[in-house]
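Undergrad: What follows is a structure written as structure tokens; I'll ask about it next.
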Amino acid sequence: MTPPDLKLPDDVEALKAMVLAMAEKAARADALQNEVADLKARNADADERIERLTQILKAFDRARFGRRSEKLGSPTTDDEQQAFVFEEIETGIAAIRAQVNKGRERPEGKRPPRPRKGFAPHMERIEVVIEPEELPEHAGKQKVLIGEDVSERLDVMPAKFRVIVTRRPKYAFKNEDGVIQAAAPAHIIEAGIPTEALLAQIAVSKYADGLPLYRQEAIYARDKVELDRKLMAQWMGKLGFELEILADYLFDEIKKGERIFADETTLPTLAPGSGSTKTAYLWAYARDDRPFGGSGPPMVVYRFEDSRAGECVARHLKGYRGILQVDGYAAYNKLVRSDRGNDGVTLAGCWSHSRRKFYELHVAESSKVATETVERMAKLWQIEETVRGKSPEARVAARQHTSVAVVAELFALWQKTLPRISGKSKLAEALRYAISRRAIFERFLTDSRIELDSNIVERAIRPQATQCSLYTPSSSICKHWNLTFRRRLTRAPFTPHR
């Protein structure tokens, strides 16, 4: 049966050609239909893979960058490998999306909407104006600007080496004795080849970005610049010595503050002559007055020690008078003893450390009391978010209005629960930790200068597994690797910022 408007030719050959053409058209339609079905299947598979990779990435992200006590499992790889996993997953997702989107047509001049925060205002802007092509039919017509489309793309100028040639001419006066010449400018490396800019580049790359000197040596070699890692290590030692005055100055400024956050962590350190490592300690002291309306810049200093003994912190903070916000380490308690010369120190507790002990039990679903504790504690941080940066009076008023009742309920719950459970249980351990520190935990309720936790210094000390630094964001970053400059090199895994 043929359509009424279809006219068939009388010629047999023409009829054969028409039939062949229709068969070819039908075959192409079938092939196109099969191709569409295949593309749909591939798209569905790709979407499923993207979703699975995204969920894996989020899980790794929580495990790596979440609070230490809130990681849902033990990491199976070190921090550097986890960071590598993130990059590989992101790359894989992008590759899948590029494959799926290949060949898709979109209207001219349009693209899928994507959020953009914009670039920092201090960046140099290079204006490029693309005028439409002048066609013959435009001749004699006057153009009127009615608008424009503006887009911004991020560009970079790769770092390059250059040689600073300094000439100091010598002059003599006719018929006079003597020679005059400008004095040579002072340099950190006297009679050395590096400028101060090169020293800063090497130091920031190594101590801020975790780029070892042997890798920098290979990078610079690509530009035909031979810088031996041993030579660069000597430069860094000299640079550290010159920065000692800055380190001491920053610590003095921190100790002038009304409140100091303190924390310490282990640091694998090369044992000279043994070829192995031993455990040393990195002490961190931070100052940040912004939460209670202070105008001073936040700072943090580090001190390297072979010991975790209380005498270390007593020596570091000798003469300090003010609030010291810390975790539950007993060494800090010695600072309040008058025979230590620090009778003016007031200890403040960190609620995060207490919360972590309960959180571990909460995620294991092994204690309803722990779950209730975590839920009630969450209210304290919610209140702090509303008053951070406000005046001291506003902070105290909010805490007295809501936080006092929450804290009272928590301690009542803990004291009621402790006698009813086994003293050897993890819950009992968490309860004793909190109850025994009630005085320092409650001080934030009446003193606006005290924070709810000491996370400020924890965030500062966490990435320092490979570097020790002094940091003041009031101007630019000033990095000082205390371990190299004062003691010895370390060998430790790289831990990126959260």
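Just so you know, all these numbers are worked out from the coordinates, no wet-lab data involved. Since the structure is predicted, the reported quantities are computational estimates derived from the model, not experimental observations. FYI the Cβ positions are ideal-geometry reconstructions off the backbone, even for glycines, and counts take in every protein chain you see.
Undergrad: Restrict the search to region 172-228; then list the GluC sites (Glu not before Pro) that DSSP places in a loop and that have at most 10 other Cβ atoms within 10 Å of their Cβ.
TA: Working: sites: 176, 190, 196, 217, 226; in loops: 176, 190, 226.
Listed in order of number, the matching sites are 176, 190, 226.
Undergrad: For a Förster distance of 51 Å, can you work out the FRET efficiency between the beta-carbons of residue 129 and residue 234, rounded to the nearest 0.05?
TA: On the way: r = 51 Å, r/R0 = 0.99.
FRET efficiency, residue 129 to residue 234: 0.50.
Undergrad: A further question on this structure: How would you rank 352-363, 418-429, highest first, on the average number of other Cβ atoms within 10 Å across their residues? Before the final figure, lay out the partial values.
TA: On the way: 352-363: 21.0, 418-429: 12.8.
Packing order, densest peptide first, comes out as 352-363, 418-429.
Undergrad: Arrange 22, 232 by Cβ neighbour counts within 10 Å, fewest through most, would you? Let's see the in-between values first.
TA: Details: 22 10, 232 21.
Arranged by neighbour count, lowest to highest, 22, 232 become 22, 232.
Undergrad: Aspartates and glutamates near residue 143 by alpha-carbon distance under 13 Å, same-chain residues fewer than 8 away left out - which ones?
TA: 131, 133, 134
Undergrad: Only Lys, Arg, Asp and Glu count, each charged at its Cβ (+1, +1, -1, -1), so figure out the dipole size of region 189-242 about its Cα centre, rounded to 20 debye. Mind showing how you got there, number by number?
TA: Values: 7 positive and 8 negative charges, 44 e Å.
In total the dipole reaches around 200 debye.
Undergrad: Still on this structure, I have one more. Once the dipole of region 282-365 is set up with Lys and Arg at +1 and Asp and Glu at -1 on Cβ about the Cα centre, which of 359, 294, 349 lies farthest towards its positive end?
TA: Projecting each Cα onto the dipole axis, the largest value belongs to 294.
Undergrad: When the chain is fully extended, how far beyond the present Cα-Cα distance does residue 309 get from residue 226, taking 0.36 nm per residue of separation? Could the numbers behind the result be given before it?
TA: Details: separation 83, 0.36 × 83 = 29.88 nm, distance 4.41 nm.
Here the answer is 25.5 nm.
Undergrad: Could you give the alpha-carbon Rg of region 189-242 over 2.2 N^0.38 Å, rounded to two decimals? Could you put the intermediate results ahead of the total?
TA: On the way: Rg = 10.5 Å, N = 54, 2.2 N^0.38 = 10.0 Å.
Here the Cα radius of gyration is 1.05 times the empirical estimate.
Undergrad: Can you find, among 220, 191, 235, the residue farthest towards the positive end of the dipole of region 189-242? Put +1 on the C-beta of Lys and Arg, -1 on that of Asp and Glu.
TA: After comparing all options, I get 220.
Undergrad: Expressed in nm to one decimal, what extension gain is obtained for the pair residue 409 and residue 422 from 0.36 nm per residue of sequence separation less their Cα-Cα distance?
TA: Working: separation 13, 0.36 × 13 = 4.68 nm, distance 2.19 nm.
The span from residue 409 to residue 422 would gain 2.5 nm if fully extended.
Undergrad: Say the dipole of region 246-487 comes from +1 at the beta carbon of Lys and Arg and -1 at that of Asp and Glu; which of 381, 428, 331 then lies farthest toward its positive end?
TA: With unit charges placed on the Cβ atoms, the residue in question is 428.
Undergrad: Which order do the peptides 373-381, 36-44, 448-456, 295-303 take when ranked by the mean count of other beta-carbon atoms within 10 Å per residue, highest first?
TA: On the way: 373-381: 16.8, 36-44: 11.0, 448-456: 21.4, 295-303: 19.6.
The packing order, highest mean first, is 448-456, 295-303, 373-381, 36-44.
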